[in-house]
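Trainee: My structure is below; once you've seen it, I'll send some questions.
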Amino acid sequence: MRLLSFFETSPFEGIQQHAQKVKECAWAFQEAIECHSSKRCERFDHLRSEVIRLENEADAIKRRIRGHLPKGIRMPVHKFQLFMYLREQDSVLDAVEDTLDWLSFRPESSIPEALEKDFFLLTDAVVDPIEELNRMVSEAKIYFKTYSEKQRDLVKEIIRNLRNQEHEADVLEDKIKRKAFSMNMDPASLFYIVRLAEIIGTIADHAENAGDMMRAMIAR
């Protein structure tokens, strides 16, 4: 059984490409949230279409990784772990698209002014771990080439950052829900706002899950 060469067909090359699409999607997502809250912005539909385009490109990369793993090779990680990681990283994109789909149900800005700042903070809080995913994959790829303990510690540090960022997002999500329930809001609007906060929060959840899967892959 031959050993997989990282200079030729490493699946981590594809995972890095997928992570880059996730990062690009995060930028469009952040701008789309800000646009939806502005009465002067008319680019929401364009930004949503951009997210859909990036998600489709990421899906193509995902299918290529799953369908073209070389046979008869020994990989540095178990194939099941690799696919589980990829699923969580891809779920980040799905949650971003779900958020923008949910926002599109109410084309006019439907976030109360009293909650706008909180939603911006929550958006920032989930974008941070998305960007951290790209860095984590890049550093993990180096680790699986060198098996340096120092490099492994660096990957573990990034994973800890992901957990902290997910916790921060959870705190902000709970804050929005508590505020929403204390406001004089009709039931439909209350449900819409609470559900919006939850969907945004799942972005950070999946990023943290991806970190947990990476932790399993670098475990000895």
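The values are calculated or read from the model by the stated rules, or taken from the named source; none is laboratory data. Keep in mind it's a predicted model, so treat the numbers as computed, not measured. When we count neighbours, we look across all protein chains shown, and the Cβ atoms used for this are built from the backbone with ideal geometry, even at glycine.
Trainee: Restricting to the range 30-46, count the residues that are in a helix (DSSP H, G or I) and either surrounded by fewer than 21 Cβ atoms within 10 Å (Cβ to Cβ) or modelled with pLDDT of 95 or more (or both).
Mentor: Number of matching residues: 6.
Trainee: May I ask you to say which residue of 142, 203 is surrounded by fewer than 20 Cβ atoms within 10 Å (Cβ to Cβ) and among the β-branched types (Val, Ile, Thr)?
Mentor: On the way: 203 fails: surrounded by fewer than 20 Cβ atoms within 10 Å (Cβ to Cβ).
It is 142.
Trainee: Can you find a residue in the range 111-134 that is touching a Leu at 6+ places or on another chain (Cβ under 8 Å) and not in a helix (DSSP H, G or I)?
Mentor: Yes, the conditions are met somewhere in the range 111-134.
Trainee: Which residue pairs have Cβ atoms closer than 6 Å, lie 6 or more positions apart in sequence or on different chains, and pair a first residue in the range 111-134 that is at pLDDT below 90 with a second residue that is among the basic types (Lys, Arg) and in a helix (DSSP H, G or I)?
Mentor: Close Cβ pairs (under 6 Å, with a partner that is among the basic types (Lys, Arg) and in a helix (DSSP H, G or I)) amount to 131/23.
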